[in-house]
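The values are calculated or read from the model by the stated rules, or taken from the named source; none is laboratory data. Everything numeric in this text was worked out from a predicted model, so none of it was measured. With ideal geometry, Cβ positions are generated from the backbone for all residues, glycine too; neighbour counts draw on all protein chains shown.
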Amino acid sequence: MRVVVGISGGSGSIYGVALLKVLQELGVETHLVVSTLGEYVTEHECDINLEELKSLATYYHENKDLAAPIASGSFLTDAMVIVPCSMKTISAVANGLSDNLLTRAADVTIKENRKLIVVPRETPLSSIHLENMLKLSRTGVTVLPASPGFYSHPESIGDMVSSIVARILDQMRIEHNLIPRWGE
């Protein structure tokens, strides 16, 4: 399996880092692209610099490199996840603005009818945010807000992060045992 992982500048880089770690453990090929603010927020929130982040991915692509393989529809991928996904990135993707590799890869994922998952963490949401997410949803994009459930009685931040990562993996049909299934 080949998955593109984008990290943009919204708060919640912990979800992107956790997803990369799990995908690495599962042997999934990952192609990472990080926005400038995504790099900043990851270092600020997770104390992980870009070099450490790169080590969690199979391949890393500079956000300004529009000639990277993931910018082309002929480069086959199974899915793309943008986690966290800032409202700026959601707006760009919803409106077809492909001015960097992150948004171009998302645009390619949509045009090729591949699985795209965006994980917004913004709150509250304005009408503009909601309209952009609705636009994406109508094109088949999965909008998966970083809103952990509490029915499993999480005992730590790690448990809450795992619940969101599990939902992302479920959307890509990747087997895991991060969380107990309802009724188990």
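Within the range 63-85, the set of residues being in a loop (DSSP other than H, G, I, E, B) and touching a strand residue (DSSP E or B) at 6+ places or on another chain (Cβ under 8 Å) comprises 63, 68, 76, 77, 78, 83, 84, 85. Taking residue 150 and the conditions (1) at pLDDT 95 or above; (2) at negative phi; (3) surrounded by fewer than 13 Cβ atoms within 10 Å (Cβ to Cβ), which numbered condition does it fall short on, given that it satisfies the others? So residue 150 meets the others, but not (1). Scanning the range 141-181 for residues that are part of a helix (DSSP H, G or I) and more than 15 Å from the chain's Cα centre (by Cα) gives 157, 158, 159, 160. Among the numbered conditions (1) within 17 Å of residue 174 (Cβ to Cβ); (2) surrounded by 20 or more Cβ atoms within 10 Å (Cβ to Cβ); (3) not acidic (Asp, Glu), the only one that residue 12 does not meet is (1).
Tally up the residues in the range 66-96 that are among the hydroxyl-bearing types (Ser, Thr, Tyr) and free of Cβ contacts under 8 Å to residues at least 60 places away in the same chain, please. Full working, then the answer.
Start the filter on the range 66-96 by keeping residues that are among the hydroxyl-bearing types (Ser, Thr, Tyr), which leaves 72, 74, 77, 86, 89, 91.
After this cut, where a residue has to be free of Cβ contacts under 8 Å to residues at least 60 places away in the same chain as well, the list is 72, 74, 91.
Number of matching residues: 3.
Looking at the range 27-36, is at least one residue of a type in the set (D, E, K, R) and assigned to a helix (DSSP H, G or I)? Looking for residues that are of a type in the set (D, E, K, R) and assigned to a helix (DSSP H, G or I), one finds none in the range 27-36, hence no.
A search for C-beta distances below 7 Å between a residue of the range 134-163 that is over 20 Å from residue 180 (Cβ atoms) and free of Cβ contacts under 8 Å to residues at least 60 places away in the same chain and any residue that is surrounded by 11 or more Cβ atoms within 10 Å (Cβ to Cβ) and of a type in the set (Ser, Thr, Tyr), counting only pairs 6+ apart in sequence or on different chains, returns 143/137.
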